[in-house]
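Data block below; observations after.
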Amino acid sequence: MSYKKCNNCLNSNRLKAKFCDCCGSQDLTEINENNWLTKYANEPSNWLDNIQISSLPLVLNNEYKRLKEMAENDERYGILLQIRDVGEIMLKLPILVYSVNNNPQIYDGKDKETNEDKYLPLWSFMNNEMTLGSWIIAAARLAFEKGIKHEAISVLRQLQLKNSLFFYDKEKKVTAFNEWRNNEIGHGALGYADNEDFGDVLHMLNLITETLKKTIDDYNKLKDSINTESAPRIIYYDNMNPSHVYFYDSRYKKHGKLTDSYYYICYTEGKKTPPIALEDIPKHENIVGGDINV
């Protein structure tokens, strides 16, 4: 139950009151007895500490801090979408960083004639209309490749461990994050925010933080892993505002056919571009060799 408490006489007033019913004071404070989200937010052990947050790549750093701020401000509906954004960044960032290194290959099933493993360039796999499921498939195929030593692959492997954000449940045939997104945002009915189990928010916040604790060192190393000399422009940033990093999202499909244009997402700005051709993506002389701060 919510009400306004008078800071002068301590009387409890109705929520819409502008003056205290008892003493007439305007010094009122809104009290929400069902403040489950702010209680969670105010417990330091539920979050990465400031040093850990500062070691994250810039886009993940910004969005994790925003997630924490939304919890502190009791933004219960908005935090559902922010959990989605943080989860997607955690998944896509290592794939994108790895994809611009040495034109890597990705497993593409068995050859029907020889029954031998087939591989294709990672960009060829991504050069399609990408869904969340597509990104998860790419992550799984890269994670289980043997003999690859790269911080991006290390992140992807840890993301899929038990009790991590993208752990795959073989019985349900879905990852923890994908199941949550489908149930709470994609296909589920919006619940009442007064309930502590609303949107499974607390569980997801905990899962994000605990997953980051396992992967934070490797995420930190991603900042120095970008090389776009021999790959399509998959990550770029706004020349006017270098903190606005744009990530490749999906190839544009029109009338059921793939086009030569692509979507990009800037999570920091909360913006998805209209379809844009590769040759029209802004160029920047310092984009090569880790100078871009993701």
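Every number here is computed from the coordinates shown, using simple stated rules; none is lab data. The structure displayed is predicted, hence computed values, not measured ones. Note that each Cβ is placed from the backbone with ideal geometry, even for glycine, and that neighbours are counted across all protein chains shown.
Against the chain, whose longest principal axis is taken from its Cα atoms, helix 201-221 shows a tilt of about 40°.
Build a GNM of the chain with springs between Cα atoms under 10 Å apart, and of Lys18, Lys253, Lys221 the one that fluctuates most is Lys18.
One entry in [x] 33, 29, 19; [y] 67, 18, 17; [z] 42, 21, 19 is semi-axes √(5λ) of the Cα gyration tensor in Å calculated from the shown coordinates; its label is [z].
Taking the chain as a Gaussian network, Cα atoms linked when under 10 Å apart, which of Ile51, Ile281, Ile137 shows the biggest mean-square fluctuation? Looking only at Ile51, Ile281, Ile137, the biggest GNM fluctuation is shown by Ile51. Structure note, pairs Lys110/Lys257; Lys110/Lys271; Lys213/Lys257: Cα-Cα distances above 31 angstrom occur for Lys110/Lys271; Lys213/Lys257. Angle of helix 78-99 to the longest C-alpha principal axis of the chain, folded into 0 to 90 degrees and rounded to 10: 20°. Distances between placed amide hydrogens fall under 5 Å for Ser250 paired with Tyr263, all partners being 5 or more residues away or on another chain. Let me know the shape class of region 35-85, please: from the alpha-carbon gyration tensor, a ≥ b ≥ c as square roots of the eigenvalues, rounded when a/c is under 1.5, otherwise prolate if a/b is greater than b/c, or oblate. Because a/c hits 1.5 or more and a/b fails to exceed b/c, region 35-85 counts as oblate.
Between Ala140, Ala277, Ala17, the GNM of the chain built on Cα springs shorter than 10 angstrom shows Ala17 fluctuating the most.
With 20 Å as the limit, the listed pairs Lys39/Lys68; Lys92/Lys112; Lys173/Lys253; Lys118/Lys162; Lys118/Lys172 have Lys92/Lys112; Lys173/Lys253; Lys118/Lys162; Lys118/Lys172 beyond it between alpha carbons.
Note on the chain: with charges restricted to the Cβ of Lys and Arg (+1) and Asp and Glu (-1), its dipole about the Cα centre is near 400 debye.
Axis of helix 132-143 versus longest Cα principal axis of the chain: the two differ by about 60°, to the nearest ten degrees.
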